[in-house]
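Remarks on the structure that follows.
The values are calculated or read from the model by the stated rules, or taken from the named source; none is laboratory data. Just so it is clear, the model here is predicted, and its values are computed rather than measured. Every residue, glycine among them, receives a Cβ derived from its backbone with ideal geometry; neighbour counts consider all protein chains shown.
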């Protein structure tokens, strides 16, 4: 119930955590700490060797996790325990290739069976009707992205195949913190909201409590990835650091 | 389905880029149907690139191998490879679209040099992404690009080769999509690039078909080309697609210890850089490290049309390793006075095997580039 969880949370921040950094057990603890700190939902990022939509921080996180031995097969059996440990819904964010490797439908079903409620794919095919139907059939939310460049017509199509929430990409570019976010975001979110009853969450570039506050004045939720992972990668105590970083953003 | 070759191809890109790809598709089909654009392109190929490139009868090599070997001399183009055909075509397209800035990726540096050359010709700023490993082994091309006024941006992430340079170019494009034209160098990437690059390289096959008919009075038994991303191969293949001619792509079998760039022979369909095609990946869907002595073949993916031609068996894909390519490099130097690029040397290297298979046959090989850039590598391996 991702949409409900986002709506019910007065300060809906959705943290993103790269799985397997420094190892999968720690990721499990980070997920719980983020849940305890009040995350509206939690995105678990699947590391990929060629993350073309990611900026330097998440590239580094992916690379390090793979070097540390991350595998999707290693992650899958742990997910059920993780999703039971928090009340916030868990969402998997992955490039499409790792999801397709052992069959897209089969992998989505395994994620769903492990309690994962939604999936975000940053390099979804242009015609995504196939994966849309697969997700619908197993009752999993397919969270789709709307970019600043997305046309009105395409926006309608994307939103009609979207569930959970609409992910409004705030900037042209890759993931990563930015000191200022474009003013058009407000208009973009408003225009998406006119097309759907789903919550609209903004992401890409958010790193301060002030930015969170500003975004939440017109959006239903905010996704924070690179900022959190930069802190986690630097910290001696990554679990505590993750929880504290989220608390500061929500303050 | 639109943008696919059978089950291969597509547009697996961040949402931000989709409108740019749709615009590119629209502009390309308008340009390609426009007499004036086609004439302008043909004019630059003739007066600037130096086309048509000849087809040369490799007499001593033919005698040595016991087959008739004819070489399509893309090495004689301005800048020394077939890459200039595509660079000129796409820069004309970029100009037509009013784009102010050009970006490109490069492996061996041939596409980077071709793009930097086209940018100098039209006075456009040029940024070329190149892996640090490739910068090291193709240093001369780096200096050439800088002389031409291009900025060469080193990419040290991942394997620091063509694959990572391509990812970095895509990241630049996502960020600067309004002003920037991404001049992709091979028949890979999201639709419409594989089609667009093939059309700009089609001139190789169309010329070669007429030339070989004039020289020999008949079609060759086989057309052979090396395949990294596959632009020179698809260019020459497209001239012979409807002929009773064997189409053979030669992939890099690397060091013989399991590190190679043979995506079709050993890969599994997957998605890299915006398209579904054969991909060297592990059981977990992570892209594998590749290796080839030829930087331009050191890539884990391949153009989706090659995956399709392999699946329909219209073309077949064969293997030549580093050692065989280096031997072929030396052989062509000694026998014909021609130094092939190490990429093209893979196609030459396959001839020994083909001569055993079909003694006496006539073959047309695409000599896609010249080997000056590889002297350093070859000298290290020992002449």
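For segment B:136-159, the set of residues classified as within 14 Å of another protein chain (Cβ to nearest Cβ) and farther than 30 Å from residue B:18 by Cβ is empty.
So how many residues does segment A:131-154 have that are within 14 Å of chain B (Cβ to nearest Cβ), over 22 Å from residue B:178 (Cα atoms) and either part of a helix (DSSP H, G or I) or modelled with pLDDT under 95 (or both)?
Here is the first cut: in segment A:131-154, the ones within 14 Å of chain B (Cβ to nearest Cβ) are A:131, A:142-154.
Okay, now just the ones that are also over 22 Å from residue B:178 (Cα atoms), so A:131, A:142-144.
Then drop every residue that is not either part of a helix (DSSP H, G or I) or modelled with pLDDT under 95 (or both), which leaves A:131.
Total meeting the criteria: 1.
Of the residues B:243, B:289, B:255, only one is away from every other protein chain (no Cβ under 14 Å), surrounded by fewer than 21 Cβ atoms within 10 Å (Cβ to Cβ), at pLDDT below 95 and on the phi < 0 side of the Ramachandran plot; which?
On inspection, the qualifying residue turns out to be B:255.
The residues listed here are A:157, A:213, A:240; of these, the one that is closer than 23 Å to residue A:27 by Cβ and part of a helix (DSSP H, G or I) is A:240. Restricting attention to segment A:32-47, does a residue exist that is within 14 Å of chain B (Cβ to nearest Cβ), more than 20 Å from residue A:241 (Cβ to Cβ) and either in contact with a helix residue (DSSP H, G or I) (Cβ under 7 Å, 6 or more places away or on another chain) or surrounded by fewer than 18 Cβ atoms within 10 Å (Cβ to Cβ) (or both)? Looking through segment A:32-47, at least one residue is within 14 Å of chain B (Cβ to nearest Cβ), more than 20 Å from residue A:241 (Cβ to Cβ) and either in contact with a helix residue (DSSP H, G or I) (Cβ under 7 Å, 6 or more places away or on another chain) or surrounded by fewer than 18 Cβ atoms within 10 Å (Cβ to Cβ) (or both). Of the residues making up segment B:60-75, those that are surrounded by fewer than 18 Cβ atoms within 10 Å (Cβ to Cβ) and without any contact (Cβ under 8 Å) to a residue 40 or more places away in the chain number 1. No other residue among B:133, B:162, B:184 is within 14 Å of chain A (Cβ to nearest Cβ) and at pLDDT below 95 apart from B:162.
Taking the stated definitions as given, is residue A:191 over 20 Å from residue A:15 (Cβ atoms), assigned to a loop (DSSP other than H, G, I, E, B) and more than 14 Å from chain B (Cβ to nearest Cβ)?
Values: over 20 Å from residue A:15 (Cβ atoms): yes; assigned to a loop (DSSP other than H, G, I, E, B): no; more than 14 Å from chain B (Cβ to nearest Cβ): yes.
No; evaluated as a whole, the condition is false for this residue.
One residue stands out in segment A:174-191 among those that are buried (at least 22 other Cβ atoms within 10 Å of the Cβ) and in contact with a helix residue (DSSP H, G or I) (Cβ under 8 Å, 6 or more places away or on another chain): the one that is nearest to residue B:176 (Cα to Cα), namely A:174.
Select from segment B:41-56 the residues that are touching a strand residue (DSSP E or B) at 6+ places or on another chain (Cβ under 9 Å) and either closer than 15 Å to residue B:224 by Cα or crowded, with 20+ Cβ neighbours inside 10 Å (or both) and list them in ascending order.
Looking only at segment B:41-56, we keep the residues that are touching a strand residue (DSSP E or B) at 6+ places or on another chain (Cβ under 9 Å), and these are B:53-56.
Matches in segment B:41-56: B:53, B:55, B:56.
Looking only at segment B:317-347, residues that are free of Cβ contacts under 8 Å to residues at least 24 places away in the same chain and either crowded, with 24+ Cβ neighbours inside 10 Å or on the phi > 0 side of the Ramachandran plot (or both) come to 1 in all. Restricting segment B:307-316 to residues that are farther than 23 Å from residue B:256 by Cβ and in contact with a strand residue (DSSP E or B) (Cβ under 6 Å, 6 or more places away or on another chain) leaves a set whose member that is surrounded by the most Cβ atoms within 10 Å (Cβ to Cβ) is B:307.
Considering the conditions (1) in contact with a strand residue (DSSP E or B) (Cβ under 8 Å, 6 or more places away or on another chain); (2) away from every other protein chain (no Cβ under 11 Å), residue A:169 is excluded by exactly one of them, (2). Could you look through segment A:109-126, keep only residues that are within 14 Å of chain B (Cβ to nearest Cβ) and not in a helix (DSSP H, G or I), and pick out the one that is farthest from residue A:75 (Cα to Cα)? It comes out as A:126. Of the strands (runs of 3 or more DSSP E) contained entirely in segment B:243-302, those carrying at least 2 residues that are within 20 Å of residue B:366 (Cα to Cα) fall at B:246-252.
So which residues in segment B:84-102 are in contact with a strand residue (DSSP E or B) (Cβ under 6 Å, 6 or more places away or on another chain) and surrounded by fewer than 24 Cβ atoms within 10 Å (Cβ to Cβ), if there are any at all? Outline the logic, then answer.
The first filter runs over segment B:84-102 and keeps only residues in contact with a strand residue (DSSP E or B) (Cβ under 6 Å, 6 or more places away or on another chain), leaving B:94, B:99, B:101-102.
Across segment B:84-102, the qualifying residues are B:94, B:99, B:101.
Only one of B:19, B:14 is within 14 Å of another protein chain (Cβ to nearest Cβ) and buried (at least 20 other Cβ atoms within 10 Å of the Cβ). Can you tell me which?
Working: B:19 fails: buried (at least 20 other Cβ atoms within 10 Å of the Cβ).
It is B:14.
Of the helices (runs of 4 or more DSSP H) lying entirely inside segment A:1-90, those carrying at least 1 residues that are closer than 26 Å to residue A:138 by Cα, in contact with a strand residue (DSSP E or B) (Cβ under 8 Å, 6 or more places away or on another chain) and at pLDDT 95 or above are A:2-8, A:24-36, A:72-85.
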